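I have placed the structure first, in the form of structure tokens, so that the comments after it can refer back to it.
Read-outs throughout are calculated quantities, based only on the coordinates presented, and are distinct from any laboratory measurement. Here the structure is a predicted model, which means the values were calculated and not measured. Positions of Cβ are backbone-derived with ideal geometry, glycine not excepted, and every protein chain shown enters the neighbour counts.
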Amino acid sequence: MGILQARILEWVASPFSRGSSQSRDPTQTSRIAGTFFTFTEEKLGQAEKTELDAHLENLLSKAECTKIWTEKIMKQTEVLLQPNPNARIEEFVYEKLDRKAPSRINNPELLGQYMIDAGTEFGPGTAYGNALIKCGETQKRIGTADRELIQTSALNFLTPLRNFIEGDYKTIAKERKLLQNKRLDLDAAKTRLKKAKAAETRASQLNSARLEGDNIMVNFSYMLNLLHVKWLKIWAEEVTKSEQELRITQSEFDRQAEITRLLLEGISSTHAHHLRCLNDFVEAQMTYYAQCYQYMLDLQKQLGSFPSSYHSNNNQTSVAPIPSASSNVIGSSALTSTSSLVITSPSNRTDLKECSGSRKARVLYDYDAANSTELSLLADEVITVFSVVGMDSDWLMGERGNQKGRVPITYLELLN
């Protein structure tokens, strides 16, 4: 450390010793060197350090914590919305260039286009080709919803988070650095005042000391001490000037601490704003998943109208379609419905079709009519069913009071 301080002193003194035409201001140079030494001595525990009050320390810690977690949430949200890292890099470059990124087909849209092309080649008149086309159209609608989710989330959630990191927090960091510099200036001023007073005390002691004899070593030691005291007084200046400088640096430190505190107290407002943005993000996700769920429900109903969609190639057993739920329930009701599927064999369907006259049947699941020719059903209700000549093998005619319409066999349990 002594070598390092010697290098700093050599740098400080070099303009004066070499006669440079652009010599540094001695006062400024002394302050720079004093601040450096103060910082070094604080790190080594050899100098007094001005501590910030507890409230300001808590605010600084809260701001740093907010910055760290905001960055993590923002980056992971970007990964969630755009899993492709190359696409994220491209969007970042276009954003920095202040240009709009070219539109790119997403994965659901690409899958939907493949399905539509395959269905067109297989033939829209075939059951499989028609089903592929319908699935492809649904996938493309899901891709559109996915695109809307990304745009809404970027505007209402990611942009405010990024504005905080690149705007508000950078301002806080800048003022915090200024506060650190003001604190070091204050500590340096305290150290200079302390050394100036010590030099004054030492000078008074030497001036009052009496020489004993003509010992050369005594006289030489006295001269060295006298020169040392004068050097300290030149470096630290006078006590009065040091006290004045301390008052100035203390005032500047207090003012910067107040500015920093006011900025840091705005973190609470930032949290409130980010909470509103989070609600917007959740609402965007809810809308997206609700749209996807409704699209799949509609697709399921369309596929349910194909007789071949429920029969396997070997004419053994087949699984009943997943019963539809109310469009505004997307959670537990859908899981409950899918967990209670009923396996219906072809022989049971034959029994239902061969029944003479009308029979009573209990509804197993809720069913929403796809059009005016169908009858909506409620689970556990009992309706009257009967067959109609020429009707598809997977359907019966249902009757409830004055209401009548087609109902799927797989949603019914025939009563004796």
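Test of understanding: what is the full-extension gain from Thr240 to Asp117, defined as 0.36 nm times their sequence separation minus their Cα-Cα distance?
35.2 nm
With +1 assigned to the C-beta of every Lys and Arg and -1 to the C-beta of every Asp and Glu, and no other charges, what is the dipole magnitude of region 109-157 about the Cα centre in debye, to the nearest 20?
100 debye
Compute and list, largest first, the equivalent-ellipsoid semi-axes of region 359-415 from the alpha carbon gyration tensor, each √(5λ) rounded to a whole angstrom.
Square roots of five times the eigenvalues give 15, 13, 11 Å.
Sticking with the crude label model, points 7 Å out along Cα→Cβ, report the distance from Val282 to Ser393 in nm, one decimal please.
Calculated label separation equals 5.0 nm.
So between Asp254 and Gln300, what do we pick up on full extension, going 0.36 nm a residue minus the alpha carbon distance?
9.6 nm is the gain from fully extending Asp254 to Gln300.
Let's test the formula: R0 of 22 Å, r as the Cβ-Cβ distance of Glu51 and Lys177. What FRET efficiency results, to the nearest 0.05?
Calculated value: 0.80.
Toward the positive end of the charge dipole of region 114-179, about the Cα centre and with charges on Cβ (Lys, Arg +1; Asp, Glu -1), which of Ile165, Leu132, Leu178 goes farthest?
Comparing the listed Cα positions along the dipole, Leu178 ranks first.
Determine which lysines satisfy two conditions relative to Lys170: a Cα distance under 27 Å, and not lying fewer than 8 residues away in the same chain.
Lys43, Lys49, Lys62, Lys67, Lys72, Lys75, Lys96, Lys100, Lys182
For region 79-120, what log10 I(q)/I(0) values come out of the Debye formula at q = 0.16, 0.18, 0.27, 0.28 1/Å, with one point per alpha carbon and no solvent?
-0.54, -0.63, -0.93, -0.96
Which order, highest average first, do 153-162, 365-374, 380-389 follow once you tally other Cβ atoms within 10 Å for each residue and take the mean per peptide?
Values: 153-162: 18.1, 365-374: 15.6, 380-389: 13.6.
Descending packing order for the listed peptides: 153-162, 365-374, 380-389.
Of Ser376, Gln403, Leu364, which is farthest on the positive side of the dipole of region 359-415, counting Cα position, with +1 on Lys and Arg Cβ, -1 on Asp and Glu Cβ, and the Cα centre as origin?
The Cα lying farthest towards the positive end belongs to Gln403.
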